[in-house]
Structure formats: C-alpha cells, structure tokens
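Below is one structure, written out as structure tokens, with a few remarks after it.
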Amino acid sequence: MMVIKKKKSIREQVYDYLKDEIVNGKIKEGSRIVEEEFAEKLNISRTPLREAIRMLELEGLIEAREKGGVTVPKTTKKDVEEVVKIRIALETVIFEELFERVTKKDIERLEENVAKAAAIVNDEEKSLEVFKYFSEFNKILYSISDLPRVVTLINNLNLYLKKFRKISAENNNRRLSAHRDHAKIVELIKAGNKEEAIAVNRKHLLEAKEFLIKQVES
C-alpha cells in the first residue's frame, strides 16, 4: 500500500511506488498496468498515474501495447547482454579512477567486507545477507572512485535486472564465485595491479551475464 507523503508530488510518489513494484518483481513481467485498477487501489486520480506511467515508459520499465494500455516488458537475452556490456565499460572507468585514489583505509574497508561475507557465504539460509555484503562491496568501490555520475548510470542500469538478485544470491555456485572474485579484486588493488583487477571484474560480470541469461530463458 502506498502512503501519500507531503514532501513529494503525488506523481513522484506513484512513480516511486510503481518502479519499486516492477524492479522487485512484485508486478510480474508481462502484466498489464490498468489505469482504473491502480487509480482505485492507490486512491488517486488518473492524471498523476498517467504521468508516472509515462515516466516509467521513458525509462523502459514499461511499454505501450499496440492495442492500447501498457505492460511490464519481459527481460530478454538481448537486454541482459546490453546491460552487462554497458556495466563492464562503466566499471572499467570506475577502476581506472579507483587506482588513482585508493587509500590504505579504503583497502581495509574492502578487506573487512570480504571477511564478513566469508564468514557466512556457505550458509544458504544467510544468502540474502551475503548479497547485502556484495552490494556493499560495490558501493565501497564506487565511493572510492568519486565518480557520482558514473555510479548513477550503473545504479539505473542495475534496476533492469534487480528482480533476479534473489535467485542469484540463493545459487550456491554464483555466491561462492562472486565472493572469490571480490577477494581476488581486493588482493589486486592492494598489489596495485590495475589491469588484472579490471580483467577479474570483467570475468565476474560475464559469468553473471551467463547465469542471468539462463534465468530469462528458462
């Protein structure tokens, strides 16, 4: 249920609500977004709802149907390939800048993150907690680079695949592989080996791509 807040316009709140429902998979792929139903559900007029839908359509999170109305598009192999390809390029920029800025304290933060994840990475019941450490690991890397616009682009890209995060986190092989990659990246940052760190990160993302493609094609 959406709670109306005074600080944001109704359009912005509806946009935030629908976006969250879509990227977290609560509104399923292929589902129609019927204005009348959602206006009644959210207790709002259709005008802010239409404006929010238009914003989401511009972002590619929903699409217009030939016969009218809008739906949540299904994620395709091409979508995954495009998102990962762009993310590899953007994260290469992150690493280029990171190696110019990283400090001993930054490395200690990364090592602490990897150690905390290592303590629970084999515990399937804590898979989502492990994934939180993985997300935090990326945030630390991004913060070191001090490239907020690049980070915004990456975060926006990740929204398209966010619905698959839980599946990825619960897969034991993916979880262990991701943790090994993170540990290796920290070692390489500590050693000042930029090119190898970029290569490991690229491998990490390509493996994630293959896993995600299997999910969208299953």
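Name the helices (runs of 4 or more DSSP H) wholly within the range 92-210 that hold at least 3 residues that are under 14 Å from the mean Cα position of the chain (by Cα)?
So the answer is 127-145, 148-158, 165-170.
With respect to Ala178, determine if the residue is farther than 15 Å from Glu91 by Cα, in contact with a Phe, Trp or Tyr (Cβ under 7 Å, 6 or more places away or on another chain), touching a residue at least 40 places away in the same chain (Cβ under 8 Å) and assigned by TED's automatic domain parsing to the domain that holds Glu108.
For Ala178, the condition - farther than 15 Å from Glu91 by Cα, in contact with a Phe, Trp or Tyr (Cβ under 7 Å, 6 or more places away or on another chain), touching a residue at least 40 places away in the same chain (Cβ under 8 Å) and assigned by TED's automatic domain parsing to the domain that holds Glu108 - is met.
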Notebook entry, point to check: Does the range 54-62 contain any residue that is without any contact (Cβ under 8 Å) to a residue 12 or more places away in the chain, surrounded by 14 or more Cβ atoms within 10 Å (Cβ to Cβ) and assigned to a helix (DSSP H, G or I)?
Noted result: yes
Next item on the list: Would you please name the residue that is farthest from Ile167 (Cα to Cα), looking only at residues in the range 102-134 that are among the hydroxyl-bearing types (Ser, Thr, Tyr) and surrounded by 13 or more Cβ atoms within 10 Å (Cβ to Cβ)?
Entry: Tyr133
Check: touching a residue at least 24 places away in the same chain (Cβ under 8 Å), touching a strand residue (DSSP E or B) at 6+ places or on another chain (Cβ under 6 Å) and closer than 25 Å to Asn155 by Cα - does that describe any residue in the range 31-51?
Finding: yes
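The values are calculated or read from the model by the stated rules, or taken from the named source; none is laboratory data. On a predicted model such as this, the values are computed, not experimentally measured, just so you know. FYI the Cβ positions are ideal-geometry reconstructions off the backbone, even for glycines, and counts take in every protein chain you see.
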